[in-house]
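The next block holds one structure in the form of structure tokens; read it before the comments.
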Amino acid sequence: MAQVAGIKIAEFGGPEKMSFTRWETPTPGEGEILVRHEAIGVNFIDTYHRTGLYAVPLPSGIGLEAAGTVEAVGPGVSSPAVGDRVAYCSGPIGAYAEAHVIKADRCVTLPDWLASETIAASMLKGLTSQYLIRQIHRCGPDDTVLFHAGAGGVGQIAVQWLKHLGSTVIATAGGAEKCAIARALGADHVIDYRSEKVAPRVREITGGKGVRVVYDGVGKDTWLESLDSLQTRGLMVSFGNASGPVTGVDVGILAAKGSLFLTRPTLVHYTATRESLQGAADDYFAALKSGAVKIADPTVYALKDAVQAHTDLQGRKTTGSLILKP
Ligand code: NDP
């Protein structure tokens with residue numbers, strides 16, 4: 001029986017809990033397809049699955065995102081067809097593998113001009129940017145926004161896209177090198193939040209007013225600075241936990257800080273239907289095709305070196321996207 005190689009976890013914990021192993025090639029069932037991967041995306045959420053912050057049933061595969069070619073289709077699948085190039089960025093978990101079975105309606109077919117490496121590096125991050133800046137709030141020329149971790153995977157896409165939409169962008173990043181990246185991508189102002197307090201700088205930049213929206217994927221370490229950076233009735237979008245989750249919030253803080261709005265969104269709920277997934281993908285692909293958003297060459301690891309990829313991502317050593325090559 002043919003086998004595939006990939007990563008499994010038997011218990012939650014550090015990167016070393018991921019083991020490179022082999023199993024029988026899965027067969028697609030009703031409505032499913034088998035995708036032979038060309039490139040696999042690494043995302044911060046994968047580390048939450050690995051640590052158990054977002055608990056998954058064990059043992060488990062890991063990874064949500066990949067691009068490749070359809071190798072087999074299950075009963076009832078009319079599209080995509082065997083041989084089509086596709087990408088996906090939602091479950092079932094287990095994309096860190098040479099091939100993976102996925103629901104046909106969770107895949108998008110790739111246009112010829114879009115390289116598998118580029119989309120594996122950026123589909124989840126691009127669709128996240130799409131719903132953050134085009135759905136939760138439709139950012140435009142009237143908006144000044146604060147985007148944390150502007151040199152990271154999601155951050156690099158969002159900063160460029162926000163600039164294309166005409167918004168004024170204040171980005172944060174850790175260290176001079178990452179700040180230079182955020183600036184080169186078009187951020188109007190960059191704050192090195194390792195050495196500077198964010199909120200006072202934001203007040204200074206905005207003439208005391210604060211920003212319309214804060215996008216915060218850092219979580220625990222930036223929560224208060226983010227609230228303090230908002231204008232009255234501003235919108236706090238808390239979308240990640242890179243430094244740890246925000247817990248124990250007294251909602252009264254939203255009143256005290258200026259009748260703020262708060263949302264804690266997740267991509268799943270913005271791409272739940274086939275139409276919403278395809279719509280977000282079409283919008284993101286258009287941004288890529290027009291050059292409004294450019295994806296820097298991702299850092300490439302061999303699939304068997306996923307442990308190193310996670311170590312670097314969590315160690316704040318990376319910029320832009322990471323991919324695994326089978
Ligand atoms: P990134 O490439 O942005 O990596 C995370 C970055 O966060 C780091 O590079 C680092 O940048 C910054 N950071 C700040 N504090 C810490 C810390 N203590 N430990 C580690 N990193 C820290 O990752 P992604 O682009 O994959 O994801 C960005 C965020 O978006 C994550 O929180 C992720 O969970 C979230 N996300 C949420 C989604 C949703 O729908 N809710 C969907 C997709 C992603 P620096 O060194 O510059 O500080």
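Looking only at region 70-84, decide whether some residue is in a helix (DSSP H, G or I) and in contact with a strand residue (DSSP E or B) (Cβ under 9 Å, 6 or more places away or on another chain). Within region 70-84, not a single residue is in a helix (DSSP H, G or I) and in contact with a strand residue (DSSP E or B) (Cβ under 9 Å, 6 or more places away or on another chain).
Residues of region 136-162 that are in contact with a helix residue (DSSP H, G or I) (Cβ under 6 Å, 6 or more places away or on another chain), assigned to a loop (DSSP other than H, G, I, E, B) and either under 20 Å from SER290 (Cβ atoms) or modelled with pLDDT under 95 (or both): CYS139 alone. Within region 109-129, if we keep just the residues that are small (Gly, Ala, Ser) and surrounded by fewer than 24 Cβ atoms within 10 Å (Cβ to Cβ), the residue that is nearest to the chain's Cα centre (by Cα) turns out to be SER116. With respect to the conditions (1) over 17 Å from the mean Cα position of the chain (by Cα); (2) away from the ligand (no atom under 11 Å from the Cβ); (3) in contact (Cβ under 8 Å) with a residue 40 or more places away in the chain, THR222 falls short on a single one, namely (2). Selection of region 288-321 for residues being within 11 Å of the ligand (Cβ to nearest atom), closer than 19 Å to ALA184 by Cα and surrounded by fewer than 16 Cβ atoms within 10 Å (Cβ to Cβ) yields only LYS317.
Would you be able to say whether some residue in region 139-146 is of a type in the set (A, V, I, L, M) and buried (at least 24 other Cβ atoms within 10 Å of the Cβ)?
Within region 139-146, one or more residues are of a type in the set (A, V, I, L, M) and buried (at least 24 other Cβ atoms within 10 Å of the Cβ).
Listed by first and then second residue, the pairs with beta-carbon distance under 9 Å, at least 6 apart or on different chains, first residue in region 29-52 and under 16 Å from PHE12 (Cβ atoms), second assigned to a strand (DSSP E or B) and within 16 Å of the ligand (Cβ to nearest atom), are ASP46/GLU65.
The values are calculated or read from the model by the stated rules, or taken from the named source; none is laboratory data. Please read these numbers as outputs of a predicted model, since none were measured by experiment. So basically every Cβ, Gly included, is an ideal-geometry build from the backbone, and we count neighbours across all protein chains shown.
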